Amino acid sequence: MADAGGGAPSVPTGLVAPEPDISIAGRFLGASISLYLVALILVLWRLYLRRRDLNETELALTLASVPATGQLGLLWAAIPYGLGRHNFYLSIDDQVKGGQLVQTSYFLSVWGVAFGRISNTLLLKRLSGKLSRADLGAYWCIIFIQVLCASSANITQGTQCRPVAANWNPTISGTCPDQRTFQVALRTVGVITTATDLFLITMSIKVIHTLSMPLRQRISLISLLGFGVFFVPAQEDRRLTV
């Protein structure tokens, strides 16, 4: 099958096709756009309701939406270059162009997640009223950890291979860490983010329990906070494969 640029796929001699040449780009777009629109509508609705009293919570929420929009746009742009198909069927040129777009999208995605959690943290901090030094320190620690994790992820991604283009260009002979190192880094970030989510859930229950409001409003607030904690982008494969 011809690639987007009209050339033939780069298939090494003697290798057997791992599976039929299918694309899951349609399913990817359907799920991604649906979730994105739900999140965008909720963000715009909140900004509208709070338009007379905007604060740092809404700022963080807006900052979370910007990289999410950029990430979706980059992944959409990568579809003509094979996103959703197996690398086996893609030309080298398409692998390079598509891989570069996907890699760039990862730089943005971590900040969307970070600012989403920061927005929830700031909201809880504001709802908590007067805080003890320990609780206030915990909130600022969570915010610092989110910035640190996102920055570390960007630095790691940008420096894991030398030269940097070896991340997405299979024709470049670069030096990259083995997969075990990468897996350890992923698990470490996973542990930190899980601990952060558990803390936010615990504090959400604690804060809402102390608020004087009808049960229906409490349930709505719990749902909003829970949505913000768990609505994070799924980790895509680091190659353009199905």
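FYI, it's all coordinate maths here, none of it is from the lab. Quick caveat, the model's predicted, so the values are computed rather than measured. Positions of Cβ are generated from backbone atoms using ideal geometry, with glycine treated the same way; all protein chains shown enter the neighbour counts.
Listing for the model above:
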{"quantity": "The stretch 117-128 - phi-based ³J(HN,Hα) in whole Hz, Karplus 6.51/-1.76/1.60, Gly and Pro as x", "calculated": "5, 5, 4, 4, 5, 5, 5, 4, 4, 5, 6, 6"}
{"quantity": "Candidate lysines - alpha carbon under 23 Å from LYS206, same-chain residues fewer than 8 apart omitted", "calculated": "LYS125, LYS130"}
{"quantity": "For SER91, distant residues with modelled amide H under 5 Å away", "calculated": "SER10"}
{"quantity": "In order through the stretch 196-203: 3J(HN,Hα) via Karplus (6.51 cos²θ - 1.76 cosθ + 1.60), integer Hz, x for Gly, Pro", "calculated": "4, 4, 5, 5, 5, 5, 4, 5"}
{"quantity": "Cleavage-rule hits (trypsin sites (Lys or Arg not before Pro)) in the stretch 29-89: DSSP loop, at most 14 neighbouring Cβ within 10 angstrom", "calculated": "ARG50, ARG51, ARG52"}
{"quantity": "With 10 Å bins from 0: P(r) over the stretch 25-230, alpha-carbon pairs, percent", "calculated": "8, 28, 32, 20, 10, 3, 0"}
{"quantity": "Whole-Hz ³J(HN,Hα) from phi, Karplus 6.51 cos²θ - 1.76 cosθ + 1.60, for the stretch 130-139, glycine and proline x", "calculated": "6, 10, 6, 4, 5, 5, 5, x, 5, 5"}
{"quantity": "For the stretch 51-123 and the stretch 133-195, distance of Cα centres in Å", "calculated": "16 Å"}
{"quantity": "Nonlocal amide H pairs with GLY84, under 5 Å, H built at 1.01 Å", "calculated": "THR241"}
{"quantity": "Fully extended contour minus Cα-Cα distance, from LEU186 to ALA31, at 0.36 nm per residue", "calculated": "53.4 nm"}
{"quantity": "13 Å beta-carbon shell around ASP53, net charge (K/R +1, D/E -1)", "calculated": "+3"}
